[in-house]
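Some notes on the structure that comes next.
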Amino acid sequence: MLASDTSGFQSPAPGALLRSPDSVAFEERWDLARGGKAVPPRSAIELKRFAQFARWFAVIEPNRETPALPFRLVGSGFFDFFGQDLTGIDYLTLVDPAISRLAYDCVIACLDLPCGLWQCTPAKISGGATQIYEYTILPISRHGGAADQIVIYVNFEQASVDLPNVDRLEHAEVWHWLDIGHGVPGIDVSFPPA
């Protein structure tokens, strides 16, 4: 649930986007997969349970030695979105360099606490236009212990155009921590940083 609201939905400012039913459903499936543990093991994130999200689903395994967020598993829709297979590619190479450290720190916070993150993020698309996409990010464990990977569901329901090639991801316009029972970090996600 969003840290700022117990209903599972944000109370947006006028003109802001609401968290989609697909984002909430993704978190609910993740919650069922964890079976009472702090985070689910990756083996519980199975295709049968997550089939409706599979095309726009990815697993990232952060590298703590070198700030990097390499993709380990990538749904087929991402090839259309980015025009290439993202497996092995560092997510941080796709974002505005001005926010790459903040993006990395927030993913590490999702693992360390653990908690989730929900955001609406603009992307610069081919032709110079901007398109908003919804991200739901939740921690998982590769082997069933402490969180060491994240799962991401990117919802294109809000998109007003066909999927264009993306040139760069920008700083999120709407950003909320998801409290999964352990609280939320005190990281300032405003940009530029306060």
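The values are calculated or read from the model by the stated rules, or taken from the named source; none is laboratory data. Here the structure is a predicted model, which means the values were calculated and not measured. Don't worry about glycine lacking a Cβ; one is built from the backbone with ideal geometry, like all the others, and counts go over all protein chains shown. Accessible surface is based on the protein model in full, side chains and every heavy atom, while ligands, DNA and RNA are left aside. Shrake-Rupley method; radii C 1.70, N 1.55, O 1.52, S 1.80 Å.
Here are a few things to note about the model shown:
- Residues being touching a residue at least 40 places away in the same chain (Cβ under 8 Å) and touching a Gly at 6+ places or on another chain (Cβ under 9 Å) - total across the stretch 54-75: 4
- Restricting Leu102, Leu92, Leu32 to residues that are touching a helix residue (DSSP H, G or I) at 6+ places or on another chain (Cβ under 9 Å), at pLDDT below 95 and assigned to a helix (DSSP H, G or I) narrows the list to Leu92.
- Residue count for the stretch 26-71, restricted to those that are of a type outside the set (Val, Ile, Thr), closer than 23 Å to Ile108 by Cα and within 14 Å of the chain's Cα centre (by Cα): 11
- Residues of the stretch 126-145 classified as open to solvent by 10 Å² or more (accessible area, probe 1.4 Å) and either at pLDDT below 85 or over 18 Å from the mean Cα position of the chain (by Cα) (or both), total: 10
- Close contacts from the stretch 39-53, counting a first residue that is in a helix (DSSP H, G or I) and a second that is open to solvent by less than 20 Å² (accessible area, probe 1.4 Å), with Cβ to Cβ under 6 Å and a gap of 6+ residues or different chains, come to Arg42/Ile140; Ala44/Ala33; Phe53/Phe26; Phe53/Tyr153.
- Trp118 meets each of the listed conditions (1) part of a helix (DSSP H, G or I); (2) crowded, with 20+ Cβ neighbours inside 10 Å; (3) of a type outside the set (Val, Ile, Thr); (4) in contact with a helix residue (DSSP H, G or I) (Cβ under 7 Å, 6 or more places away or on another chain) apart from (1).
- Number of the exception - Lys48 against (1) at pLDDT below 90; (2) more than 21 Å from Ile132 (Cβ to Cβ); (3) open to solvent by less than 40 Å² (accessible area, probe 1.4 Å): (3)
- Failed criterion for Ser76 (all others in (1) over 17 Å from Thr136 (Cβ atoms); (2) surrounded by 14 or more Cβ atoms within 10 Å (Cβ to Cβ) hold): (2)
- Residue check for Val151: assigned to a strand (DSSP E or B), touching a strand residue (DSSP E or B) at 6+ places or on another chain (Cβ under 8 Å), crowded, with 17+ Cβ neighbours inside 10 Å and modelled with pLDDT of 70 or more: yes
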